[in-house]
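The values are calculated or read from the model by the stated rules, or taken from the named source; none is laboratory data. Remember, it's a predicted structure, so these values are computed and weren't measured experimentally. Note that each Cβ is placed from the backbone with ideal geometry, even for glycine, and that neighbours are counted across all protein chains shown.
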């Protein structure tokens, strides 16, 4: 209720306040997402910047970059009995995951006269985005057949899996900015466009191919079981899966996808000129 009251009060200032001034050319502009009735009224999905060349045109660019780095212990230290009856301490096992995302959307807007407060526009934008992820997981097992019954000779080794994708797109867009006070506005936008996404092949590598052979835990792991064997079953023959491999081999794996149609920004755009 408080959010609704605040939003109504903001709208009311546009009715009783002084005449708001729109851009005249030469101004620059940053935006955030505004959802007055949501759990987080102010948000960001990257940075959006505009520069007004004149009263009727602007260039724009959306930019987003980010990533994560997560490290955790997925199996705690344990004890077992060695071949000589002595206690063997099995180490904890770790896994790490890194992700990276990048997107850029350059474009152009043509603005129309509208009113003193209202600035409608049409335009177009290109879009490029890419993402990648790398996960490494440790295993602990024998590095040859003779060591299988001798946990005191076991070793810790790891496997790594990599995925990625890239997307290109083009949008025709239409929107409107409403200046409720000087240099501040609320806006909305819709677009019609298409996109094409290419998925990189999934790459799986083993730090120790023999250890992989004698590790049931690794061969049963759904994140890594795609690795295949040569005729002698002594080593990994190749270490890639065509496409992202996120379906665990149960359904066809996409190498490309595309789509087109209308879209809209579900939140308002809150921007300011400087």
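Taking region 46-92 as the region of interest, how many residues are farther than 25 Å from residue 134 by Cα, in contact (Cβ under 8 Å) with a residue 40 or more places away in the chain, in contact with a strand residue (DSSP E or B) (Cβ under 9 Å, 6 or more places away or on another chain) and assigned to a loop (DSSP other than H, G, I, E, B)?
3
Kindly list, by first and then second residue, each pair from a residue in region 22-35 that is within 21 Å of residue 56 (Cβ to Cβ) to a residue that is in a loop (DSSP other than H, G, I, E, B) and modelled with pLDDT of 85 or more, limited to pairs with Cβ atoms under 6 Å and residues at least 6 apart or on different chains.
Sorted first by the residue in region 22-35, then by its partner, the pairs are 24/55; 25/54; 25/55; 28/274.
Residues to consider are 109, 81; find the one that is more than 15 Å from the chain's Cα centre (by Cα) and at pLDDT 95 or above.
Numbers: 81 fails: at pLDDT 95 or above.
Checking each option against the conditions leaves just 109.
Is there any pair linking a residue in region 255-274 that is free of Cβ contacts under 8 Å to residues at least 60 places away in the same chain to one that is part of a strand (DSSP E or B) and surrounded by 12 or more Cβ atoms within 10 Å (Cβ to Cβ), with Cβ under 8 Å and at least six apart or on different chains, and which?
Note: pairs meeting the criteria are 255/198; 255/199.
Of all residues in region 253-273, count the ones that are over 12 Å from residue 188 (Cα atoms) and not in a strand (DSSP E or B).
Number satisfying all stated conditions: 3.
For residue 134, state whether it is surrounded by fewer than 19 Cβ atoms within 10 Å (Cβ to Cβ), modelled with pLDDT under 90, part of a strand (DSSP E or B) and within 29 Å of the chain's Cα centre (by Cα).
Details: surrounded by fewer than 19 Cβ atoms within 10 Å (Cβ to Cβ): yes; modelled with pLDDT under 90: no; part of a strand (DSSP E or B): yes; within 29 Å of the chain's Cα centre (by Cα): yes.
No.
Touching a residue at least 40 places away in the same chain (Cβ under 8 Å), buried (at least 16 other Cβ atoms within 10 Å of the Cβ) and either out of contact with any strand residue (DSSP E or B) (no Cβ under 6 Å at 6 or more places or on another chain) or farther than 30 Å from residue 116 by Cα (or both), is that true of residue 165? Walk me through it before giving the result.
Working: touching a residue at least 40 places away in the same chain (Cβ under 8 Å): yes; buried (at least 16 other Cβ atoms within 10 Å of the Cβ): yes; either out of contact with any strand residue (DSSP E or B) (no Cβ under 6 Å at 6 or more places or on another chain) or farther than 30 Å from residue 116 by Cα (or both): yes.
In short, yes.
Tell me yes or no: at least one residue of region 90-107 is closer than 30 Å to residue 260 by Cβ and surrounded by fewer than 15 Cβ atoms within 10 Å (Cβ to Cβ).
Keep residues of region 90-107 that are closer than 30 Å to residue 260 by Cβ, which gives 99-107.
Next, from what is left, pick out any that are surrounded by fewer than 15 Cβ atoms within 10 Å (Cβ to Cβ): 106.
For region 90-107, residues closer than 30 Å to residue 260 by Cβ and surrounded by fewer than 15 Cβ atoms within 10 Å (Cβ to Cβ): present.
Within region 36-45, restricting attention to residues that are in a strand (DSSP E or B) and touching a residue at least 40 places away in the same chain (Cβ under 8 Å), which residue is farthest from residue 98 (Cα to Cα)? Explain how you work it out, then say what you get.
Start the filter on region 36-45 by keeping residues that are in a strand (DSSP E or B), which leaves 42-45.
Then keep just the ones that are touching a residue at least 40 places away in the same chain (Cβ under 8 Å); that gives 42-43.
On the way: 42: 28, 43: 24 Å.
That would be 42.
Given the structure, is residue 50 over 30 Å from residue 182 (Cα atoms), modelled with pLDDT of 90 or more, crowded, with 17+ Cβ neighbours inside 10 Å and over 20 Å from the mean Cα position of the chain (by Cα)? Spell out how you get there, then give the answer.
On the way: over 30 Å from residue 182 (Cα atoms): no; modelled with pLDDT of 90 or more: yes; crowded, with 17+ Cβ neighbours inside 10 Å: yes; over 20 Å from the mean Cα position of the chain (by Cα): yes.
In short, no.
Against the conditions (1) at pLDDT 80 or above; (2) closer than 30 Å to residue 75 by Cα, where does residue 271 fall short? Just the number, please.
The number of the failed condition is (2).
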